[in-house]
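Data first, discussion second: the structure below is written as structure tokens.
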Amino acid sequence: MRFSVSRFLLALTVLCVFFAAHLRAQELKGKFVTFDVQGASTLPFYGTQPFANNDFGMVVGYYTDTNIVPHGFFRTPKGEIVSFDAPGADTTAGLDRGTVAYSVNDWGAIAGQLQDCTGLFHGFIRYPNGSFVTFNPPCEECGNGQGAGGTGNINIEGAVAGFYADAKNNLHGFVRTPGGKITTFDAPNGTGTTVVCFETCLNAGGEITGWYSDMNGTHGFVRHADGTFDTFDGPNSVASPNLYTIGGSINDQGDITGYYLGADLVYHGYIRKRNGKITAFDVPSVKDDEYEGTFAVSINAFGAVTGIYSDESNVNNGFERWPDGSITTFDVLQTNIGSGQGTRPSTNNAQGQVAGWYTDGNNLNHGFIWCPEDDCDCQR
């Protein structure tokens, strides 16, 4: 890994701010910055959707324009928004293909997917200088809706991981080295479904998390850099064959977060330490009806977790669970929203800042950044 003085100084600053803030984590209310990409559609279920933020405050995602064409974008820490299209992306009006950006590393390299004029998905990397490389895992006879539509992760070294659909629509994991070598993989004993999760599921050491299916249900996995696997299920999971555990994010320490369906038929968040110990948790104000619950989606360098939960009105809300186990909840919109609408966090960076989107009362999506401190400058 290359050494960067600026990155080291940022890490020290982040460390001080992070631990000072979370001595009083339960008291935090935080601050929101909301935004829309200029030219985004105002039709229901479209708009602006951020998927990831890095430790320097850069945010990436995609928006759908008024012609129903998706485009990638990144937002700088100062609030400037730049849109882009990957080479080969189909921008024909009305087809809803185009470019989707899913992840960004601390050098500003972006990974995502494009869909070409045949409907085939390809992965891409956009480098900080604006150049692109596109790629696809081996996918003979693949066509419309197949290929590398799950290219969702890039680490600090420039490696990329994701999943792809083959010609029979079976799903397989893959990892691409910075030099361009692609290795495909399947979890042991799987039955044609191995999924690498999005945004923060490939760490600096080359470890990958996600989920796979077999005869007993769905299970979490970690694939180590040497190609070996560990598989796991949440504690007190629903009985086989309906097991359901999702690996949702892995940090550089090898800690994993995600969610699982318990024997009570309620979803619970969890943190799995590198040694295999799993701690389950729930947001205190979560609606605990069957198939509702707590959905953890991202874990940062210090072990803080962000995710989504539904309240008694079936409105989506965000949360951040701090390393001491305390939980802060947050909502962009407090009123005029209904079932399935509300706040949808995606990732949290080392400062605890959360990026994601919210859905308003008209089912239109908008971007947001949530900062844990009221005086946090999201646009530094």
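The values are calculated or read from the model by the stated rules, or taken from the named source; none is laboratory data. It should be emphasised that the depicted structure is a prediction, and the values quoted were computed from it without experimental measurement. FYI the Cβ positions are ideal-geometry reconstructions off the backbone, even for glycines, and counts take in every protein chain you see.
Taking Asn314 as meeting all but one of (1) in contact with a strand residue (DSSP E or B) (Cβ under 7 Å, 6 or more places away or on another chain); (2) on the phi > 0 side of the Ramachandran plot; (3) not β-branched (Val, Ile, Thr), write down the number of the exception.
The one condition Asn314 does not meet is (1).
Restricting to segment 71-109, give me the number of residues that are hydroxyl-bearing (Ser, Thr, Tyr) and closer than 22 Å to Leu202 by Cβ.
The qualifying residues number 3.
Could you give me the residue pairs with C-beta distances under 8 Å whose first residue belongs to segment 102-127 and is over 17 Å from Gly150 (Cβ atoms) and touching a residue at least 40 places away in the same chain (Cβ under 8 Å), whose second residue is in a strand (DSSP E or B) and among the charged types (D, E, K, R) wherever it lies, and which are 6+ apart or on separate chains?
Ala109/Arg126
Go through Arg97, Arg2 for me and flag whichever is within 24 Å of Phe132 (Cα to Cα) and modelled with pLDDT under 95.
Result of the check over Arg97, Arg2: Arg2.
Considering Asn169, Asn189, Asn153, which residue is within 27 Å of His219 (Cα to Cα), not hydroxyl-bearing (Ser, Thr, Tyr) and not in a loop (DSSP other than H, G, I, E, B)?
Numbers: Asn169 fails: not in a loop (DSSP other than H, G, I, E, B); Asn189 fails: not in a loop (DSSP other than H, G, I, E, B).
Within the list Asn169, Asn189, Asn153, the selection yields Asn153.
Could you list all residues from segment 44-77 that are outside any strand (DSSP E or B), out of contact with any Pro (no Cβ under 7 Å at 6 or more places or on another chain) and surrounded by fewer than 21 Cβ atoms within 10 Å (Cβ to Cβ)?
If the condition is that a residue be outside any strand (DSSP E or B), out of contact with any Pro (no Cβ under 7 Å at 6 or more places or on another chain) and surrounded by fewer than 21 Cβ atoms within 10 Å (Cβ to Cβ), then Pro44, Phe45, Tyr46, Asp55, Thr66, Asn67, Ile68, Thr76, Pro77 are the ones that fit.
Can you tell me which residue in segment 279-294 is surrounded by the fewest Cβ atoms within 10 Å (Cβ to Cβ), limited to those that are free of Cβ contacts under 8 Å to residues at least 40 places away in the same chain and assigned to a strand (DSSP E or B)?
Applying the filter and picking the extreme gives Thr279.
Ala350 is checked against (1) within 16 Å of Thr200 (Cβ to Cβ); (2) touching a strand residue (DSSP E or B) at 6+ places or on another chain (Cβ under 7 Å); (3) in contact (Cβ under 8 Å) with a residue 40 or more places away in the chain; (4) surrounded by fewer than 24 Cβ atoms within 10 Å (Cβ to Cβ) and fails just one. What number does that condition carry?
Against the list (1) within 16 Å of Thr200 (Cβ to Cβ); (2) touching a strand residue (DSSP E or B) at 6+ places or on another chain (Cβ under 7 Å); (3) in contact (Cβ under 8 Å) with a residue 40 or more places away in the chain; (4) surrounded by fewer than 24 Cβ atoms within 10 Å (Cβ to Cβ), Ala350 comes up short only on (2).
Of all residues in segment 186-207, how many are closer than 14 Å to Thr151 by Cα, touching a Phe, Trp or Tyr at 6+ places or on another chain (Cβ under 8 Å) and hydrophobic (A, V, I, L, M, F, W, C)?
Residues meeting the conditions: 4.
Could you say whether any residue in segment 185-193 is in contact with a strand residue (DSSP E or B) (Cβ under 9 Å, 6 or more places away or on another chain), touching a residue at least 24 places away in the same chain (Cβ under 8 Å) and closer than 18 Å to Leu114 by Cα?
No, segment 185-193 contains no residue that is in contact with a strand residue (DSSP E or B) (Cβ under 9 Å, 6 or more places away or on another chain), touching a residue at least 24 places away in the same chain (Cβ under 8 Å) and closer than 18 Å to Leu114 by Cα.
Might you let me know whether segment 158-167 holds any residue that is of a type in the set (Asp, Glu) and farther than 20 Å from Thr347 by Cβ?
Yes, there is a match, as at least one residue in segment 158-167 is of a type in the set (Asp, Glu) and farther than 20 Å from Thr347 by Cβ.
Within segment 210-231, can one find any residue that is touching a Cys at 6+ places or on another chain (Cβ under 6 Å) and either surrounded by 24 or more Cβ atoms within 10 Å (Cβ to Cβ) or outside any strand (DSSP E or B) (or both)?
Here is the first cut: in segment 210-231, the residues touching a Cys at 6+ places or on another chain (Cβ under 6 Å) are 210.
So of that shortlist, the ones also either surrounded by 24 or more Cβ atoms within 10 Å (Cβ to Cβ) or outside any strand (DSSP E or B) (or both) come out as 210.
Yes: one or more hits.
Report, by residue number, each residue of segment 303-315 that is touching a residue at least 40 places away in the same chain (Cβ under 8 Å) and surrounded by fewer than 23 Cβ atoms within 10 Å (Cβ to Cβ). Working first, answer last.
Pass one, segment 303-315, residues touching a residue at least 40 places away in the same chain (Cβ under 8 Å): 303-307.
Correct list: Gly303 only.
Based on what the data block shows, is Gly276 in a loop (DSSP other than H, G, I, E, B) and under 21 Å from Gly210 (Cβ atoms)?
yes
If you scan segment 279-308, which residues turn out to be more than 16 Å from Trp211 (Cβ to Cβ), at pLDDT 95 or above and of a type in the set (Phe, Trp, Tyr)?
Phe281, Phe302
In segment 327-365, which residue that is hydrophobic (A, V, I, L, M, F, W, C) and part of a loop (DSSP other than H, G, I, E, B) is nearest to Val59 (Cα to Cα)?
The selected residue is Ala350.
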